[in-house]
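Since the structure comes first, as structure tokens, the remarks are kept for the end.
The values are calculated or read from the model by the stated rules, or taken from the named source; none is laboratory data. Model, not experiment: these values are computed from the prediction. SASA here: full protein model, heavy atoms, side chains in, ligands and nucleic acids out. Shrake-Rupley method; radii C 1.70, N 1.55, O 1.52, S 1.80 Å.
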Amino acid sequence: MHQVIQATALLTINASAAGWIISFSPVFTVILSVFFLHEKMTLLKASGMIVAIIGVLLVTTATNQQSFQPSINVGYLLMILSTLNWAIYSVLLKRLHIQLPSLVVTFYMCLIGFTLTTPFLVRNKGWEMIPFLTSVEWAHLLFLGVFVSGVAYWYWAKALEVLEASQVSVFLYLEPLATLITAILLLQEKIIPVSILGGIIIIMGVILVNGRFLTFLSYLPWRNKNL
């Protein structure tokens, strides 16, 4: 479901905007951790959530460059739902304490996903399009299958073995930057100031939610010089 929702969302919104919204996932991770991992909700976390939501609203205005009214686009809603789905995945993987190597867990996940999506492939006669795929499209599919849906999930599961779910989710801060750079280089997407501003606000809000504000400040160049 996560893959289907995200792929569907990317049909209607820019990849760079999707990258910013994905960074909202740690907020959902904290909310779920309060209910299922019995973590406390503090004023700082609540403030960070509000800031992050404001950032998401700004990102959705990127298509309305002449106004600051959020765009009503199902793609944005699906991408936000995708971030919630990812947060559920992270919390469950940490909560269940599955006594199997992360590579084996990833294998079973992919196997179940393959089993559940095959009926839709058969129903829609998806194999009829296989002969028309170009070598470039095959290369893209192999990269998505091997590295994105395989290696990346495996490494994420390995990280959850040694770190808390909220700590691992912090690394999603890097995804918007990587997505923006890749979208500019490969998709020739334009840099939209409103989208970048909203993305920065999302990241700052997520930093507050995870209680990482002081840690973030300690990594700033001028703070290191003073130290």
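Residues of the stretch 110-138 being under 23 Å from the mean Cα position of the chain (by Cα) and either among the β-branched types (V, I, T) or closer than 18 Å to A7 by Cα (or both), which ones? Those that are under 23 Å from the mean Cα position of the chain (by Cα) and either among the β-branched types (V, I, T) or closer than 18 Å to A7 by Cα (or both): C110, I112, G113, F114, L116, T117. The set of residues from the stretch 1-13 being part of a loop (DSSP other than H, G, I, E, B) and open to solvent by 70 Å² or more (accessible area, probe 1.4 Å) comprises M1, L10, L11, T12.
Within the set S33, S71, S16, S90, the sole residue that is modelled with pLDDT under 75 and assigned to a helix (DSSP H, G or I) turns out to be S16.
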